[in-house]
Amino acid sequence: METAPRPGRDVPLKKDKLQAKRKKTRRYWEEETAHTAAGASPGPPRKKKRNGEHRLQKPKNTPISKKSRISKKPQVPKKPQERKKPEPQRSLSGAQDPFPGPAPVPVEVARKFCRIDKSKKLTRLKSKTRSKLEVAEAEEEETSVKAARSQLLLAEEPGFLEGEDGEDTAKIRQADIVEAVDIASAAKHFDLNLRQFGPYRLNYSRTGRHMAFGGRRGHVATLDWVTKKLMCEINVMEAVQDIRFLHSETLLAVAQNRWLHIYDNQGIELHCIRRCDRVTRLEFLPFHFLLATASETGFLTYLDVSVGKIVAALNARAGRLSVMAQNPYNAVIHLGHGNGTVSLWSPAVKEPLAKILCHRGGVRAVAVDSTGTYMATSGLDHQLKIFDLRGTFQPLSARTLPQGAGHLAFSQRGLLAAGMGDVVNIWAGQGKASPPSLEKSYLTHRLSGHVHGLQFCPFEDVLGVGHSGGITSMLVPGAAEPNFDGLESNPYRSRKQRQEWEVKALLDKVSCSLTFLLICLDPRALAAVDVITLEQEKKERIERLGYDPEAKAAFQPKPKQKGRSSTASLVKRKRKVMDKEHRVIASLKNTSNNEKSANNSVRSYI
């Protein structure tokens, strides 16, 4: 009699379960343990599962014994598990990477890009505010590391000029420099003979690719000075006092004898601003889209070119204004006056932010370096002075010139150029953050006419000089920054890129009311709290209402039952709360005093 087969024993297994597991395919770059080299000892054999072996399945209705909560075995403290080191990555060829992970960044380089001072610790912060600050610090640290890592891509280095065996570099002529440099750099030195319409004023665009110049007899032209391609050339039939590019090379502001005119890159007149009459000098603030004009009537006018409106007109009360410069760091306008003073102006204030007595005679020229730290001035007393603008406004160095400098200009790396008659002198310093040394000239060049305008070309070691004989482009090694930001000032951008940049710049521009507040002597003070004004407003509010609405109400203990609300217990509870508040205030004072003493000790040590 045949019996039914028992479940799990004699029943034939399914075909897919009986098949042996196939060996996983290996790539040629992975380790192959099966194929060993000739003569090498093979590794230990792998244990293969038999086809008949199967896991025993528990029946469904079998009772499961519950484990007791109290373990009978003595508990042994578990050892902390050590983290396994990540295996080195392998390349396609099978070789290991000797330097796994991202490249390390030096701490000094990353600290240069860090903008948060972690030494200042804020106390008494809420948990939510503290968490936000921690996230912001982490993002700032990551950003500084990325910026330090991307600095390796800035391969260009600034040039320099060095004489042989103690040779004075001031005696090196432009012809010698042109012979020594490559062909592309030598093509940047040229002379435009335009004696018929001189003297000339010139201006470079922010990218350093285009140049505009205007003559006293009405000649106005713009060109791509690198390729020598002429963009437009017109004659306005009127004297040109000054010329400036606006936010891009497509718009041009020309201060003519009577009014201010705006032209495009084809020479077509777009606007005639009659409220800006008899303008002598022009300055454009690129981040605020403001065109500042100084006139013979003594008015300083700010024109918002994004909306076409005059946002401020300030009376300097100092007569004719013919000397003007801007501070690239904080967008403050510097005006030179005939009484030897230099006044600093912002469109938010009707009075000057500061007045500096610089010379015994009238001021002839003013220039501010790119960091906003130093200001150079020259006057009728034949003095050339350099002032510190970091709050002290004191002269750092001075030099008496045989002939007073009528025009001054700073380069991106701190070189100072001065035009004296038909001679251009250039002084160099120790670096970008140091003032130029006036003891010894770096370069000297004599022109064919008297100088009427100076400007260094951005991102090029070139100095453009406008004089009575035309335009001269000088080679000045080490004058400009060798690397540029392609998203901000790209000399090689296309038309589409320029249009996209204009839209982004207009979207990033703040409103006029906030623009006025952003232009001040110290832009870092915008993030600080004006404690004096806050306290004054608080006092006025208390006087107006008769009480302090922000005052903390006195502690009143809640009544309790079972005889715990007696007078003695209430007094004790009030005194306990007062003592706790006093302890908190005392601890805050101690921490602040400790920080001050630590800072003083560090300063004394330094």
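The values are calculated or read from the model by the stated rules, or taken from the named source; none is laboratory data. The model shown is predicted, which means the values in this text are computed figures rather than measured ones. Cβ placement follows ideal geometry from the backbone for every residue including glycine, while neighbour counts extend to all protein chains displayed. All accessible areas refer to the heavy atoms of the entire protein, side chains included, with ligands and DNA or RNA removed. Shrake-Rupley method; radii C 1.70, N 1.55, O 1.52, S 1.80 Å.
In terms of packing, defined here as the mean over residues of other Cβ atoms within 10 angstrom, the peptides 241-253, 567-579 line up highest first as 241-253, 567-579. For region 210-239, no residue has its backbone nitrogen under 14 Å from a point 7 Å from the Cα of ASP191, taken along Cα to Cβ. Computed with a 1.4 Å probe over protein heavy atoms only, the accessible surface of region 439-505 comes to 45 Å² per residue. Dimensions of region 194-282 based on its C-alpha atoms, expressed as ranges along the principal axes with the largest first, amount to 36, 30, 21 Å.
Expressed per residue, the C-alpha convex hull volume of region 310-360 stands at 90 Å³. Compared with the alpha-carbon gap, the fully stretched path from ARG498 to LYS560 is longer by 14.8 nm at 0.36 nm per residue. Estimated at 0.36 nm per residue, the fully extended path between LYS576 and ARG320 surpasses their Cα-Cα distance by 85.0 nm. Placing pseudo-labels 7 Å out from each Cα toward the beta carbon at GLU167 and LYS146 gives an inter-label distance of 4.8 nm.
Between GLU238 and GLY218, the built amide H atoms are under 5 Å apart, and every one of these is 5 or more places off in sequence or on another chain. Once the Cβ-Cβ distance between GLU535 and VAL423 is put in as r, and R0 is 56 Å, what FRET efficiency do you end up with, to the nearest 0.05? Using R0 = 56 Å, I get an efficiency of 0.45. So, R0 is 35 Å and r is the distance between the beta-carbons of GLU238 and PHE287; what FRET efficiency does that work out to, to 0.05? Efficiency, from the Cβ-Cβ distance: 0.65. Could you state the number of Å between the C-alpha centres of region 376-416 and region 545-585? If we compute the Cα centre of each part, the gap is 66 Å. Taking the protein heavy atoms of region 356-442 in the context of the full set of protein chains, the accessible area attributed to carbon and sulfur is 47 percent at 1.4 Å.
Using the Karplus relation 6.51 cos²θ - 1.76 cosθ + 1.60 with θ = phi - 60°, the per-residue 3J(HN,Hα) values for region 568-573 come to 5, 5, 5, 5, 5, 5 Hz, with x marking Gly and Pro. Around the amide H of GLY298, modelled in the peptide plane, lie the amide H atoms of LEU321, all under 5 Å away and 5 or more residues distant in sequence or on another chain. A simple count of charges around LEU389, restricted to other residues whose Cβ falls under 15 Å of its Cβ and scoring Lys, Arg +1 and Asp, Glu -1, yields +1. A straight chain from GLN394 to ASN339 at 0.36 nm per residue would run longer than the Cα-Cα distance by 18.0 nm. A simple count of charges around SER144, restricted to other residues whose Cβ falls under 11 Å of its Cβ and scoring Lys, Arg +1 and Asp, Glu -1, yields 0. Computed with a 1.4 Å probe over protein heavy atoms only, the accessible area of THR533 comes to about 60 Å².
Extents of region 181-234, largest first, come to 37, 23, 16 Å (Cα atoms, principal axes, whole angstrom).
Taking amide H positions as modeled 1.01 Å from N, with prolines and chain starts lacking one, the residues under 5 Å from GLY429 and 5 or more places away or on another chain are SER437. Which residues in region 523-550 place their backbone N less than 16 Å from a point set 7 Å from the Cα of ARG115 along the Cα-to-Cβ direction? Zone members listed by number: 523-528. Averaged per residue, region 285-379 has 35 square angstrom of accessible surface, using a 1.4 angstrom probe with ligands and nucleic acids left out. Phi angles across region 233-247 convert, under the Karplus curve 6.51 cos²θ - 1.76 cosθ + 1.60 with θ = phi - 60°, into 3J(HN,Hα) values of 8, 9, 10, 7, 6, 7, 5, 9, 8, 7, 8, 8, 6, 8, 4 Hz, Gly and Pro given as x. Each peptide in 500-508, 385-393 receives the mean, over its residues, of other Cβ atoms within 10 Å, and ordering these scores from highest gives 385-393, 500-508.
The HN-Hα couplings worked out from phi for region 276-292 by the Karplus form 6.51 cos²θ - 1.76 cosθ + 1.60 (θ = phi - 60°) are 9, 10, 6, 7, 10, 9, 10, 9, 10, 9, x, 7, 10, 6, 10, 9, 9 Hz, whole numbers, x standing for Gly and Pro.
Largest to smallest in accessible area, the residues LYS560, LYS171 fall in the order LYS171, LYS560 (1.4 Å probe, all protein chains included).
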